[in-house]
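Below is one structure, written out as C-alpha cells; the observations come after it.
The values are calculated or read from the model by the stated rules, or taken from the named source; none is laboratory data. Bear in mind the structure is a predicted one, so any value in this text is a computation, not a measurement. Cβ coordinates were reconstructed from backbone atoms using ideal geometry, including for glycine residues, and neighbour counts include every protein chain displayed.
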Ligand code: GLC
C-alpha cells in the first residue's frame, strides 16, 4: 500500500506541496490501437510517472461523451466512455496508481452537460415551462418575435452564447452549443453533483479538478454584459491567441457570482465526510488574485490554479510580482499556492517563450524556478519532453473553437505523446495505428526513449529537478523569505535554498554556493535564460 504518511508526501494534506501531472486522456497512451488514448494506456504508463517523480496525476474527463469538446461535454458523469475503457479500467487505474504512491485527481464538469445528457434530451422533449427545462437556462428570445438571443453574451468558443430550439426558446451555452449550461439555482442540480462526487470518492479518487469553477451561477437578471464601444461581447476567457487567458477587468455577469461559494462549502463538507486527505482544485479564471483566493477559503476548495504564473511575461520583475502577489493573496485564507506553466488550453510554454533553443532554455528555467516555490506545481504531459506547440494542419483541427471561429484553437498542445521509435505513432499506440492528431516528424528526437539516460535532455532535467525539489525545496519551509530583482536577475530565497533566474541577455557572475540544481549546465557564471538553485 502507498505510504502517504511519508513526510515528504505530506500526509493527509499531501496536496499542499505536490507536483501534479496533467494527463490529457486522448493523447497520453493508446492501448487498443484506435489512435485515441485510454485508461488502460494510462495504467500501463504509471511507472513512468512514478519514476519521473510526480506525486499525483490529474486525468481530463473520460466519462461518457460525444466528444465535441473532447470530454468536457459529459453525457453521463458516472460512467466511462467506451473510447477510453470501462468502469473496471478506472478501478484498475486507481488501484495501480495507489500501489505506486501516486494520487489520482479526476475532472468534474459542473457548469454544463453535453446536449446528449438525459436531462437535456428530456428538456428538449418536455417543452417550455417544464421542470425538465428548469434544469438548464432556457429563456424566450428578445426582439418583437423573440428571434434574437435573450442577451448579448458571447460563447467562450466564439459566436453567441445562445442557441434557439424548434419551439422558439433559447438555451444558454457559455461554451459550445453542445454544452448547455445548467441552472444552479435549481436544487436538483446541486443534488446530482453531490451524488457524482460521492460516486468517485467511493471509487477511491483522491481529488477533483473543478472545471470552470468560477462559472455555474449567472447573475440572476441575465442582463446584458456592458462592453466598450467597438468591443465584441464575450465570455471573457479566450485571448486573441486563443489561449483562454484574458484577465482584464471587465463586466462579467456570467462569471464569478457570490452564490457559487455555497456550492464549494457543500462540496468541502462532502470531501471531509470521507476523510481529510481528499482535495479539490479550482480552474477559476477570475479577475484578481483576491477573487481567486475566495475559492480557497478554509471551508471551500483546497487550491486554485494560479494562471498569473503562466501569463507572466519573460522578465525577472514580472515573475517577482507574481510570486509576491500570489503568496500575499493566499496567505490570509491559509491556502497553499499553486503554479502552472502549461495545460491543454494554452500554447505550450516553450513556444510562448519564443520556441527553438531559446524557448526551451527559458521554459526549463521557468520550470525550475516554479519547482522551488512553496505550494503545488501542476505540469502538463509532454512538457517534460520539451514539446512545442504543433502547427496542426487545418484539416486535422478538432477544437470546437476552430469550428466556431475559424481560428487556430487548442489542438497544437494536444498532440499525442511520443514514447519511442523513429516514426509516428512513436509508441503512442500499438503497431502503426496513427493518432487522432498527426504527430510531427520532429517528435523523433523528443521521445521518452530518445531522452532517457541522455545527459542534458529535458526529460533528465525534469527527473533531476523533481528529485532536487524533494531533497532541497520541500524541507526548506513554506516561506519565500526574499524576492528581489537585480538587473535582469530574480533572486528568491526559500529558507536556505537560493534561486537565481537570469531573464536578461548577458551572463552574470554566479554567487558563492553549492549548485543543487540548474536548468542547464553552469560554471562560474549564470548564462541568460537559466535558473540555478544554490545551497
Ligand atoms: C475548461 C477546460 C476546457 C474546456 C472548457 C469547457 O476551461 O479546461 O478544455 O473546453 O472548460 O468545459
Notebook entry, point to check: Is there a residue being within 17 Å of the chain's Cα centre (by Cα), more than 16 Å from the ligand (Cβ to nearest atom) and part of a loop (DSSP other than H, G, I, E, B) anywhere in region 55-67?
Noted result: yes
Check: So which residues in region 347-382 are buried (at least 24 other Cβ atoms within 10 Å of the Cβ) and over 25 Å from residue 480 (Cβ atoms)?
Finding: 348, 350, 381, 382
Next item on the list: Being more than 24 Å from residue 518 (Cβ to Cβ), in the same structural domain as residue 280 (by TED's automatic domain parsing), away from the ligand (no atom under 16 Å from the Cβ) and without any contact (Cβ under 8 Å) to a residue 40 or more places away in the chain narrows it down to one of 312, 331, so name that one.
Entry: 331
Item checked: helices (runs of 4 or more DSSP H) contained entirely in region 343-458, each with at least 1 residues that are touching a helix residue (DSSP H, G or I) at 6+ places or on another chain (Cβ under 9 Å), more than 23 Å from residue 57 (Cα to Cα) and more than 16 Å from the ligand (Cβ to nearest atom) -> 349-352, 356-372, 448-451
Item checked: In region 35-54, residue nearest to residue 424 (Cα to Cα) [restricted to those that are assigned to a loop (DSSP other than H, G, I, E, B) and more than 16 Å from the ligand (Cβ to nearest atom)] -> 35
Next item on the list: For region 100-109, enumerate the residues that are within 11 Å of the ligand (Cβ to nearest atom) and not in a strand (DSSP E or B).
Entry: 109
Item checked: Search result, residues across region 270-298 that are more than 16 Å from the ligand (Cβ to nearest atom) and either within 18 Å of the chain's Cα centre (by Cα) or in a loop (DSSP other than H, G, I, E, B) (or both) -> 274, 275, 276, 277, 278, 279, 288, 289, 293, 296, 297, 298
Notebook entry, point to check: Given the conditions (1) out of contact with any strand residue (DSSP E or B) (no Cβ under 6 Å at 6 or more places or on another chain); (2) under 19 Å from residue 384 (Cβ atoms); (3) surrounded by 15 or more Cβ atoms within 10 Å (Cβ to Cβ), and given that residue 465 satisfies all but one, which numbered condition is not satisfied?
Noted result: (1)
Notebook entry, point to check: Given region 110-213, what strands (runs of 3 or more DSSP E) lie entirely inside it while holding 3 or more residues that are within 15 Å of the ligand (Cβ to nearest atom)?
Noted result: 207-210
Note to self: When the residues of region 393-416 are narrowed to those that are modelled with pLDDT of 95 or more and surrounded by fewer than 16 Cβ atoms within 10 Å (Cβ to Cβ), which ends up nearest to residue 35 (Cα to Cα)?
What the structure shows: 396
Notebook entry, point to check: What is the one condition in (1) more than 23 Å from residue 264 (Cβ to Cβ); (2) in contact (Cβ under 8 Å) with a residue 24 or more places away in the chain; (3) in contact with a strand residue (DSSP E or B) (Cβ under 9 Å, 6 or more places away or on another chain) that residue 78 does not satisfy?
Noted result: (1)
Next item on the list: Filter region 504-526 down to residues that are closer than 19 Å to residue 370 by Cβ and without any contact (Cβ under 8 Å) to a residue 60 or more places away in the chain, then give me how many there are.
Entry: 4
Checklist line | All positions within region 73-88 that are outside any loop (DSSP other than H, G, I, E, B) and either within 15 Å of the ligand (Cβ to nearest atom) or within 23 Å of the chain's Cα centre (by Cα) (or both) | finding: 76, 77, 78, 79, 80
